[in-house]
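Written below as structure tokens is the structure these notes are about.
The values are calculated or read from the model by the stated rules, or taken from the named source; none is laboratory data. What you are looking at is a predicted structure, and each value in this text was computed from that prediction instead of being measured. Methodologically, a virtual Cβ is constructed for each residue, glycine included, from the backbone with ideal geometry; neighbour enumeration extends over all protein chains shown.
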Amino acid sequence: MIYGAAAGDIAGSRFEFYSIKTKQFELFHPDCRFTDDTVMTFAVAVACEAYLKDRNEDSFRENLIDSMHRFGNRYPDAGYGGRFAYWLTEKLRTPYNSWGNGSAMRVSPVAYCCDSLEETRRLAAVSAAVTHNHPEGIAGAQITAACVFLALHGNTKDEIRRYTEATYAPLDFTLDEIRPTYTFDVSCRGTVPQAIQCFLESENAEDAIRNAVSIGGDCDTSACIAGSIAEAFYGIGDDLKKGILPFLDQELTDLLTQLNK
């Protein structure tokens, strides 16, 4: 848990505003860093740990807000969007109707603490709605968490594709088709289907991340999403596990170990 999301975020970070349109690049370069995607995924994971003790969605919501505030203000320079940064610094507890992909980038830990697809979708909606209470923000989080859950529980890529198309959006494109013209898009609808396709066309977790970086756009986020699904489906190799550690501080490194016991 979290390795795939963090690896995608870190690998994509140096290309977020500079698309390279190729899979041939150094995965973990000195110019890489972790961004808000990684920070908020940790925040959700911590709230999920608390949820496992009581299975109470109201408590999860309040714990998640506290966790996001704590992590966000601990790492204030992680690259948050303007409205989210204001939500953090003012420690607000009400949402602001966002439809952005932030709800999807952080949601993957939800799938690890739920016993059913239905519970996963409910908790994903709660995790989104603390900030991203627009229907599109909620839907993006739900389908991402659902894909992670399905991947964790032995579903095939064809089954994950069919579920995505039946409940969220058509995946009627290939990466080769969209790569030349795909551009920066912070919406869930403009990021999540592409990230899922990056997983579907992959051979392993690293390949999913390379796919996401290669199409450009908001590639730290799309790689975070693709990496989180890929980790659930393939598992995660030692190269990716070890590769992200130089970019994390001791607090996050220790927490990563704790969460993956």
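Could you count how many residues in region 31-65 are part of a loop (DSSP other than H, G, I, E, B) and either farther than 30 Å from Arg14 by Cβ or in contact (Cβ under 8 Å) with a residue 60 or more places away in the chain (or both)? So that I can check it myself, show each step before the final result.
Quick first cut of region 31-65, residues part of a loop (DSSP other than H, G, I, E, B) only: 31-35, 55-56.
From what's left, either farther than 30 Å from Arg14 by Cβ or in contact (Cβ under 8 Å) with a residue 60 or more places away in the chain (or both): 32-35, 55-56.
Adding up the residues that qualify gives 6.
What tally of residues in region 174-196 results from selecting those that are of a type in the set (Val, Ile, Thr), in a helix (DSSP H, G or I) and touching a Gly at 6+ places or on another chain (Cβ under 9 Å)?
Filtering region 174-196 down to residues of a type in the set (Val, Ile, Thr) leaves 174, 178, 181, 183, 186, 191-192, 196.
This time we only want the ones that are in a helix (DSSP H, G or I), so: 178, 192, 196.
This time we only want the ones that are touching a Gly at 6+ places or on another chain (Cβ under 9 Å), so: 192.
Qualifying residue count for the region: 1.
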Filter region 100-121 down to the residues that are more than 16 Å from Cys188 (Cα to Cα), in contact (Cβ under 8 Å) with a residue 60 or more places away in the chain and of a type in the set (A, V, I, L, M, F, W, C), then identify the one that is surrounded by the fewest Cβ atoms within 10 Å (Cβ to Cβ).
Cys113
Out of curiosity, is Asp9 closer than 20 Å to Asn260 by Cα, in contact (Cβ under 8 Å) with a residue 12 or more places away in the chain and touching an Asp or Glu at 6+ places or on another chain (Cβ under 9 Å)?
yes
Conditions (1) in contact (Cβ under 8 Å) with a residue 24 or more places away in the chain; (2) in a helix (DSSP H, G or I) -> Ala124 fails only (1)
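Within region 158-168, track down each residue that is surrounded by fewer than 16 Cβ atoms within 10 Å (Cβ to Cβ) and not β-branched (Val, Ile, Thr). Spell out how you get there, then give the answer.
Kept after step one, since they are surrounded by fewer than 16 Cβ atoms within 10 Å (Cβ to Cβ), are these residues of region 158-168: 158-159, 162, 165-167.
Once the filter is applied, which keeps residues that are surrounded by fewer than 16 Cβ atoms within 10 Å (Cβ to Cβ) and not β-branched (Val, Ile, Thr), region 158-168 yields Asp158, Glu159, Arg162, Glu165, Ala166.
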Among the residues of region 99-121, the number that are part of a loop (DSSP other than H, G, I, E, B) and touching a Cys at 6+ places or on another chain (Cβ under 8 Å) is 2
Kindly list, by first and then second residue, each pair from a residue in region 142-162 that is farther than 18 Å from Ala223 by Cβ and among the basic types (Lys, Arg) to a residue that is at pLDDT 95 or above and surrounded by fewer than 18 Cβ atoms within 10 Å (Cβ to Cβ), limited to pairs with Cβ atoms under 8 Å and residues at least 6 apart or on different chains.
Arg161/Leu171
Tell me, please, whether a residue that is assigned to a helix (DSSP H, G or I), surrounded by 24 or more Cβ atoms within 10 Å (Cβ to Cβ) and touching a residue at least 60 places away in the same chain (Cβ under 8 Å) can be found in region 66-89.
yes
When you scan region 122-136, how many residues do you find that are surrounded by 22 or more Cβ atoms within 10 Å (Cβ to Cβ) and either under 13 Å from the mean Cα position of the chain (by Cα) or acidic (Asp, Glu) (or both)?
3
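Which members of region 226-259 meet the condition of being farther than 22 Å from His29 by Cα and either among the hydroxyl-bearing types (Ser, Thr, Tyr) or over 17 Å from the mean Cα position of the chain (by Cα) (or both)?
Tyr234, Asp254, Leu255, Thr257, Gln258
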How many residues are surrounded by 24 or more Cβ atoms within 10 Å (Cβ to Cβ) and among the hydroxyl-bearing types (Ser, Thr, Tyr) when one looks only at region 184-213?
1
Taking region 127-148, which residues are assigned to a loop (DSSP other than H, G, I, E, B) and over 21 Å from Ala166 (Cα atoms)?
Val130, Thr131, His132, Asn133
